[in-house]
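The values are calculated or read from the model by the stated rules, or taken from the named source; none is laboratory data. A quick note: this is a predicted structure, and the numbers were derived from the prediction, not measured. Here the Cβ positions follow ideal geometry from the backbone for every residue, glycine too, while neighbour counts run over all protein chains shown. Just the protein is used for accessible areas: all its heavy atoms, side chains included, with ligands, DNA and RNA removed. Shrake-Rupley method; radii C 1.70, N 1.55, O 1.52, S 1.80 Å.
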Amino acid sequence: SEIPGVPCLAVANADGIRLAMKHLFDLGHRRIAHIEGRPDMHDAIDRKRAYVECMTEAGLPIDDRWIV
């Protein structure tokens, strides 16, 4: 939550993944790995969900060996 007079930084995890994936797709990459965070962290869950959505929308396979 915001506190008046205190700077705040919010990270858009899913949007960041989507931008990165679009950039990689635009460069012609099709085999893209994902480095997971802790499974109990909402940020890590959001990033992985965005990765899976991007790969699926692009019609690309998701290889479990590419998720570490």
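Quick notes on this one:
- The chain, relative contact order [Cα under 8 Å, separation at least 6], %: 36
- Residue-normalised accessible area of the chain, expressed per residue, 1.4 Å probe, Å²: 79
- If R0 is 30 Å, the Cβ-Cβ spacing of residue 40 and residue 64 corresponds to a FRET efficiency of close to 0.90.
- Counting heavy atoms of the protein chains alone, residue 18 has an accessible area of about 90 Å² for a 1.4 Å probe.
- Helix axis angle, 13-26 relative to the chain longest principal axis, alpha carbon, degrees: 30
- Crossing angle, helix 42-57 versus the chain [Cα axis fit, 0-90 degrees, rounded to tens]: 30
- Shape call, the stretch 9-51: gyration tensor on alpha carbons, a/c limit 1.5: oblate
- Counting only protein heavy atoms and a probe of 1.4 Å, the accessible surface of the chain is 58% carbon and sulfur.
- Amide H partners (placed H, <5 Å) of residue 67, local residues excluded: 34
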